Amino acid sequence: MTEGITKFDSLTKIGEGTYGTVYRAVHKKTGLAVALKKISLSKDSEGVPSTCIREITLLKDLDHNNIVKLYDVIYADLSLYLVFEFIDRDLKDLLDSAPNKQLSLAHVQSFTHQLLQALAYCHTRRVIHRDLKPQNMLVKKNGIIKLADFGLARNFGIPSRPYTHEVVTLWYRSPEILLGARCYTTSLDIWSLGCIIAEMASGAPYFAGDSEIDQIFKIFRILGTPNSRVWPDVERLPDYKNEFPKWEYNAEAVKVGCKGLGDSGTDLVMQMLRYDPMSRVTSKEALGHRFFRDIQVKPIPVDIQQNNRRESSAAAAGASFM
């Protein structure tokens, strides 16, 4: 699919954000529905945004059934067009449409298993997503879920070098990032996914802070205030304060946050939400957890498919760049 932008018609605007506009379009020759993410490049601009360059570079090298496909990149009329597969729903939209914003245990198991496969694929190739959230996970009617929006993703090396801590949407941000860590690895994706698993099952975000300090304290109130016993060298992190309130691990709050997951699902989430990044379960290890016994892909129920439908830039373009 390299003929240029004129080979698409039936353009319908479905989203707009900081870096551009998203359209649903149809490839004239094949009839394939695609999402076009248009990024305007004026003569006076500083060029293509770095997040866009990073997304293109990474997605061109990633090929997995649970990662959104970037078909082509087209330059025309001082604009860059990213041509994605079209998927009209994201996980956030699906949760909003589900009864009590909760998914069945079978769907939680299926989605979690697929997302872990995508993460294992990325992490094996030394790619960290760095912005996992329901809006960046696209869901097809047949029950396939795909990771999207790789604008904040990047390759990492060993040993790890300092990175920005301005990553990951607040509710899914790991405690090491909240406390100012500049060196981190794949474990931050694991923390985010742990939060998302609990949200799918319980119907509510696990830690819904309205600021960084509120987010930190919401985590502490449930998992307990960390110390060097559970998290070696936590006191050395730039934003750790000895004056932090000292909360104890709240078993009842953990149970409420993991409602609907059962004992095995709760155990998996708790392994993903360990304070010490080095002790968190890896994506490969998690795939072997007992939570996934008798796993199977489950199609989306018709009533949820038809409930409160909306098209979003995240679902359509594989990129929530709002």
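Just so you know, all these numbers are worked out from the coordinates, no wet-lab data involved. Computed from a predicted structure; not experimentally measured. Ideal geometry is used to build each Cβ from the backbone, glycine not excepted, and the neighbour counts take in all protein chains shown.
Assorted remarks:
- Taking Cα centre as origin and charging only the Cβ of basic (Lys, Arg, +1) and acidic (Asp, Glu, -1) residues, the dipole magnitude of the stretch 91-305 rounds to 580 debye.
- Virtual spin-label span in nm between ASP9 and LYS241, 7 Å along Cα→Cβ: 6.2
- Axis angle, to the nearest 10 degrees, between helix 212-223 and the longest C-alpha principal axis of the chain: 50 degrees.
- Set of aspartates and glutamates near LYS37 by C-alpha distance (under 16 Å), chain-local residues within fewer than 8 positions excluded: ASP9, GLU16, GLU55, ASP72, ASP77, GLU85, ASP88, ASP149, GLU311
- At full extension, ASP63 and THR30 could sit 9.7 nm farther apart than now, given 0.36 nm per residue minus the alpha carbon distance.
- Full extension of the chain segment joining ASP294 with SER211 gains 25.9 nm, where the gain is 0.36 nm per residue of separation less the Cα-Cα distance.
- Neighbours of LEU223 by Cβ distance under 10 Å: Lys/Arg scored +1, Asp/Glu scored -1, total +2.
- Within the shell defined by Cβ-Cβ distances under 10 Å, the residues around ARG154 carry a net charge of +3, with Lys and Arg each +1 and Asp and Glu each -1.
- Length added when fully stretched, ASN155-ALA204, from 0.36 nm per residue minus Cα-Cα: 14.5 nm
- Reciprocal mean inverse distance between Cα atoms of the stretch 5-87 - Kirkwood radius, Å: 13.4
- FRET efficiency estimate (nearest 0.05) - Cβ-Cβ, GLN305 to LYS255, R0 35 angstrom: 0.65
- Placing unit charges on the Cβ atoms of the charged side chains and taking the dipole of the chain about its Cα centre, the candidate lying farthest along the positive direction among TRP247, CYS183, THR21 is THR21.
- Among the lysines of the stretch 91-305, pairs that are 8 or more positions apart or on different chains and have alpha carbons within less than 17 Å of each other number 14.
- In order through the stretch 66-72: 3J(HN,Hα) via Karplus (6.51 cos²θ - 1.76 cosθ + 1.60), integer Hz, x for Gly, Pro: 10, 10, 4, 8, 9, 6, 6
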